[in-house]
1. Hey, among the residues in the stretch B:97-135 that are surrounded by 16 or more Cβ atoms within 10 Å (Cβ to Cβ) and aliphatic (A, V, I, L, M), which one's nearest to B:VAL76 (Cα to Cα)?
2. Name the single residue, out of those in the stretch A:88-104 being farther than 12 Å from A:VAL36 by Cβ and outside any helix (DSSP H, G or I), that is nearest to the other protein chains (Cβ to nearest Cβ).
3. I'd like to check something: does the stretch B:164-173 contain any residue that is under 25 Å from A:THR100 (Cα atoms), of a type in the set (A, V, I, L, M) and over 13 Å from the mean Cα position of the chain (by Cα)?
4. Give B:MET33, B:MET19 a once-over and let me know the one that is more than 14 Å from chain A (Cβ to nearest Cβ), at pLDDT below 85 and either on the phi < 0 side of the Ramachandran plot or over 19 Å from the mean Cα position of the chain (by Cα) (or both).
5. Hey, can you tell me all the residues within the stretch A:1-54 that are among the polar types (S, T, N, Q), within 14 Å of chain B (Cβ to nearest Cβ) and part of a helix (DSSP H, G or I)?
6. Working only within the stretch A:118-145, note down all residues that are outside any helix (DSSP H, G or I) and either aliphatic (A, V, I, L, M) or at pLDDT 85 or above (or both).
7. Check off (1) in contact with an Asp or Glu (Cβ under 8 Å, 6 or more places away or on another chain); (2) in a strand (DSSP E or B) for B:ASN89 and give me the number that stays unchecked.
8. Only one of (1) surrounded by fewer than 16 Cβ atoms within 10 Å (Cβ to Cβ); (2) over 22 Å from the mean Cα position of the chain (by Cα); (3) not polar (S, T, N, Q) fails for A:ASP67. Which number is that?
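The values are calculated or read from the model by the stated rules, or taken from the named source; none is laboratory data. Keep in mind it's a predicted model, so treat the numbers as computed, not measured. Heads up, the Cβs are rebuilt from the backbone with ideal geometry, glycines too, and the neighbour counts pull from every protein chain shown.
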Amino acid sequence: MRLLSVLSLVVAGFGLLAVIGSTVAMSKFAAKAELVQLVKPYDSAMAQLLGEAGTPIGSPQKIILDDRSAVIEGRGQDGAVLVDEDKLKASGRYPVQLKTLDYVGGLVRGVGGVAFIVGAAVWLLLLRRRRLGKEGGSPSNCAYS
Amino acid sequence: MRKTLYFLAALVALNGAAMAQTKTFKIGDAGGMKASQMFQFESDADFENFTGVTHKLGGQFKFDPKARTGSGEIEVDIASIDTGIPMRNEHLRSPMWFDAAKFPTAKFETTSVKHKKGDTYTVSGKLTVHGVTRNITTEADIRYIAESAATRKAMFKGDICRITCDFKVNLKDYGVMIPDMAAGKVSPSINLRLDVFAYTG
């Protein structure tokens with residue numbers, strides 16, 4: 001019984017930690033992420049002819065850019081930072097999208113939340129049973145015997 | 001009778017003059033232009049956005065820069081679409097998804113091209129994906145650039161027509177079902193984008 005009580009407390013603690021940790025981490029990632037438009041850059045003759053830096057690949061996404069060596073001049077739709085997709089691919093980098101972290105963070109918060117609630121509920125239940133058990137064993141309850 | 005003949009002759013002459021403005025543009029590999037031709041799709045799912053890109057396009061486009069009308073067809077090689085992850089490419093080509101072995105190309109054939117304003121046109125046509133053909137209407141940008149030193153410097157051959165358009169399609173409408181294990185990672189509707197430089201050669 002005591003082991004189960006400790007285990008439930010540990011589960012609840014880890015659940016709470018997961019919720020708090022993922023919330024703090026997400027706010028840090030969100031502050032770090034920037035709106036990025038991946039582009040396939042044109043060569044200078046083509047860029048001059050069309051008046052564009054390159055062809056956009058996909059829509060602008062909030063991305064965490066650790067290495068800014070692939071950033072090129074100019075701004076895209078909604079002021080997005082332009083990033084050379086070829087350079088990213090050549091260096092084998094695949095920057096993380098904020099929505100992916102959001103998705104994973106949401107799962108962690110969900111699982112952590114459930115773990116906290118279940119752990120806390122089991123711990124409280126065991127605590128109540130232990131108290132009732134103690135009360136049941138006290139001399140005052142033996143009055144009718 | 002003579003008046004009718006004159007009228008018909010004038011009509012034929014006018015028609016001939018109008019036809020003379022229509023230029024035929026090729027779409028496909030043209031040396032330096034190859035990398036600029038692009039078909040891409042974007043999946044906007046809960047987990048992430050990802051794109052698939054190919055430069056293997058073919059077809060032709062007839063366009064009258066003065067009358068601002070045209071027609072054409074574009075074919076896209078499905079097997080060459082690259083999503084950046086080899087395993088994902090294989091999945092997309094597999095019979096469970098686009099079945100590239102059975103349906104190697106996607107095709108768009110215009111049925112009407114109407115000028116809206118500037119370089120913007122309303123384009124209607126038949127889109128065939130995964131062997132299923134459906135009518136769609138979208139807005140397209142068609143920019144005509146006459147041959148010049150600048151176009152030649154950019155490796156273009158002859159006059160060029162840059163065509164860009166986006167359209168959203170529901171995969172289900174084209175018989176492409178998302179397996180349960182991919183739900184959340186691939187969106188049920190994807191955005192298709194064509195960015196084509198057609199040339200007279």
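1. If we take residues in the stretch B:97-135 being surrounded by 16 or more Cβ atoms within 10 Å (Cβ to Cβ) and aliphatic (A, V, I, L, M), then B:ALA106 is nearest to B:VAL76 (Cα to Cα).
2. First, pick out the residues of the stretch A:88-104 that are farther than 12 Å from A:VAL36 by Cβ: A:89-94, A:99-104.
Imposing the further condition that a residue be outside any helix (DSSP H, G or I) reduces the set to A:91-94.
Details: A:SER91: 13, A:GLY92: 11, A:ARG93: 11, A:TYR94: 7 Å.
Ranking the qualifying residues of the stretch A:88-104, first place goes to A:TYR94.
3. If we filter the stretch B:164-173 for residues that are under 25 Å from A:THR100 (Cα atoms), which is where we start, we get B:166-172.
The next check asks that each one be of a type in the set (A, V, I, L, M); those that pass are B:169, B:171.
From what is left, the residues that are over 13 Å from the mean Cα position of the chain (by Cα) are B:169, B:171.
Checked the stretch B:164-173: at least one residue is under 25 Å from A:THR100 (Cα atoms), of a type in the set (A, V, I, L, M) and over 13 Å from the mean Cα position of the chain (by Cα).
4. Values: B:MET33 fails: more than 14 Å from chain A (Cβ to nearest Cβ).
Sole residue among the options that is more than 14 Å from chain A (Cβ to nearest Cβ), at pLDDT below 85 and either on the phi < 0 side of the Ramachandran plot or over 19 Å from the mean Cα position of the chain (by Cα) (or both): B:MET19.
5. Within the stretch A:1-54, the subset among the polar types (S, T, N, Q) is A:5, A:8, A:22-23, A:27, A:37, A:44, A:48.
Subset that is within 14 Å of chain B (Cβ to nearest Cβ): A:37, A:44, A:48.
Hits for the stretch A:1-54 are A:SER44, A:GLN48.
6. A:ALA143
7. All conditions are met except number (2).
8. (2)
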